[in-house]
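Read the structure below first, then the notes.
The values are calculated or read from the model by the stated rules, or taken from the named source; none is laboratory data. Predicted model only: the values in this text are computed from it and were never measured. Reconstructed Cβ throughout: ideal geometry from the backbone, glycine too, with neighbour counts over all protein chains shown. The accessibility values were calculated without ligands, DNA or RNA, using every heavy atom of the protein model including side chains. Shrake-Rupley method; radii C 1.70, N 1.55, O 1.52, S 1.80 Å.
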Amino acid sequence: MPDSEPIFLLLPSILSLILFFILIKRKQRRYNLPPGNMGWPFLGETIGYLRPYSATSVVSADAGLNKFILQNEGRLFECSYPRSIGGILGKWSMLVLVGDMHRDMRIISLNFLSNARLRTHLLREVEKHTLLVLNTWKEKCIFSAQDEAKKFTFNLMAKNIMSMDPGHPETEQLKKEYVTFMKGVVSAPLNLPGTAYRKALQSRSTILKFIEKKMEVRIRKMKEGKENLEEDDLLEWVLKHSNLSTEQILDLILSLLFAGHETSSVAITLAIYFLPGCPLAIQQLREEHLEIARAKNQSGETELNWDDYKKMEFTQCVINETLRLGNVVRFLHRKALKDVRYKGYDIPCGWKVLPVIAAVHLDPCLFDRPQLFNPWRWQQNNGSRGAGTTTSSASSSNYFMPFGGGPRLCAGTELAKLEMAVFIHHLVLNYQWELADTDEAFAFPF
């Protein structure tokens, strides 16, 4: 008998013994854990949830706990995305950064997207790029809402991040690479030839080289005193007002292009999708925006201004309802920094925590008939024009978190709302639309 044969025969017994000790250890509860099954040893309850992690996960659909998690960012919990996300967005991406570095990157973004800049510069740019897309639509044409919305948001972000003009060959080439890049962000992280993830990594490299060339040109112009005043963009701002390294600037620009383009375009698409199912909402939107348009005609103005935007009160209700029902960001990734006790339950240090934002937004205890698109639920007096009764907007808004919350609240929150409002303004004033065929909104798994 070969020497290895006795060891081979003992292997089942050894594995059984290991399994026995694991089960015994699991029964020795040191914590009062949240309700739920631990699942099989090693495998856990859901292979899909546990695959990216080295620790157990708590999946929360509880409104109070989700708010508690976000408000205690950096103290009890911290952002903890799978390594594959950092690999494709970059280690300096705001999505994966934590602590002081995240704070510094966020401050840069907030300064660039300040309220003053929204009023004086970005509002004008948003309207310009909205009209560039809508003016290409023809009567009785069929269009892909998602493609048109992505065209709008990509061109807007490319212009304001790197002063790239829509339709220019280099802009179209960047857009093509970016589409490949995006497919990899939401794919299985398999770095093998032919996979979406491998192609995305290659596109990432191409995009970063493109951005770096832009940086080199800007730096050379600054040294030669040949600055272009028209290049009032994020790249120029970062080069002048930050001490970030080249790698940090590249990841920052890539992540903002990702965040500012992808989520806003999905939100606009969902608004276009939901509204035909609610004719009363379209009617009230048209009344609101016709009143704004009449006032502008009387004053002889053509472009929207900040006062016009602030008059779009029902539009904001439509935006809120689109974000609540559509749930562009469905859940977040966090990790417990220490043992946490919440309402008598323990979340051990190191455990992953996934606050599911969509579950709260669709909770019938917080939102009456949550599957119904009802913008009137966001009006303070819960007006009677909507369908059915509504839950108080004051109580439900405490748990309304489409842009996250706490120290990691999305820096582009106000820009996203502005984009949606201006797009809706010109859409309802100039077009009537309906679904060309039966369709259904659905979420891709991340």
Label model pair Glu301, Lys91: point-to-point distance (7 angstrom along the Cα→beta-carbon line) in nm is 4.9
As straight-line cross-link partners of Lys140, the qualifying aspartates and glutamates (C-alpha separation under 15 Å, not fewer than 8 residues apart within one chain) are Glu434, Asp437
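What length, rounded to one decimal in nm, is gained on full extension from Glu247 through to Leu110, with 0.36 nm per residue of separation minus their alpha-carbon distance?
Values: separation 137, 0.36 × 137 = 49.32 nm, distance 2.01 nm.
Gain on extension, Glu247 to Leu110, equals 47.3 nm.
Grab the beta carbon distance between Gln173 and Met222, set R0 = 22 Å, and tell me the FRET efficiency rounded to 0.05. Each step should come with its number before you reach the end.
Details: r = 25 Å, r/R0 = 1.16.
About 0.30, to the nearest 0.05.
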The set of residues whose placed amide H lies less than 5 Å from the amide H of Ser60, leaving out same-chain residues fewer than 5 positions away, is Leu354, Val356
Relative contact order in percent for the range 62-148 (Cα pairs under 8 Å, 6+ apart) equals 15
Which residues qualify? For Asp346, with a placed amide H closer than 5 Å and at least 5 residues away or on another chain, they are Asn32, Leu33
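Compute the Cα gyration tensor for the range 245-301, then decide on rounded, prolate or oblate, letting a ≥ b ≥ c be the square roots of its eigenvalues: rounded whenever a/c is under 1.5, prolate when a/b is larger than b/c in the other cases, and oblate in all that remain.
Working: a/c = 7.66, a/b = 1.82, b/c = 4.20.
Judged from the Cα gyration tensor, the range 245-301 comes out oblate (a/c at least 1.5, b/c at or above a/b).
On full extension of the chain, what length is gained from Asp339 through Lys138, given 0.36 nm per residue of separation minus the C-alpha to C-alpha distance? Before the final figure, lay out each step's value.
Values: separation 201, 0.36 × 201 = 72.36 nm, distance 5.93 nm.
Stretched fully, the Asp339-Lys138 segment lengthens by 66.4 nm.
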Karplus-derived 3J(HN,Hα) from phi for the range 358-375 (6.51 cos²θ - 1.76 cosθ + 1.60, θ = phi - 60°), whole Hz, x at Gly and Pro, runs 4, 5, 5, 5, 10, 7, x, 6, 9, 10, 5, 6, x, 7, 8, 7, 9, x
Note, the range 125-140: 3J(HN,Hα) by Karplus (6.51, -1.76, 1.60, θ = phi - 60°), whole Hz, Gly/Pro = x, goes 5, 4, 5, 4, 6, 4, 5, 4, 7, 5, 6, 8, 6, 10, 4, 6
Residue by residue through the range 73-86, the couplings from Karplus 6.51 cos²θ - 1.76 cosθ + 1.60 with θ = phi - 60°, in Hz, x for Gly and Pro, are 4, x, 9, 10, 9, 9, 4, 8, 7, x, 4, 5, 5, x
Over the range 222-279, with neighbouring protein chains present, the accessible area per residue in Å² at probe 1.4 Å is 45
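Pull out a ≥ b ≥ c, the square roots of the eigenvalues of the alpha-carbon gyration tensor of the range 94-197, then state rounded if a/c is under 1.5, prolate if not and a/b is larger than b/c, and oblate in the remaining case.
Details: a/c = 2.25, a/b = 1.08, b/c = 2.09.
Oblate.
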Distance in nm between Glu291 and Ala441 label points, each 7 Å along Cα→Cβ, equals 2.6
Over 24 Å (Cα to Cα) among Lys151/Lys226; Lys150/Lys296; Lys151/Lys223; Lys138/Lys296; Lys335/Lys417; Lys159/Lys209 -> Lys151/Lys226; Lys150/Lys296; Lys151/Lys223; Lys138/Lys296; Lys335/Lys417
Amide H neighbours of Phe77 at under 5 Å, excluding residues fewer than 5 places away on the same chain, with H built from the backbone geometry, are Leu337
Rounded to the nearest 0.05, FRET efficiency between Thr180 and Gln380 (Cβ-Cβ, R0 60 Å) equals 0.85
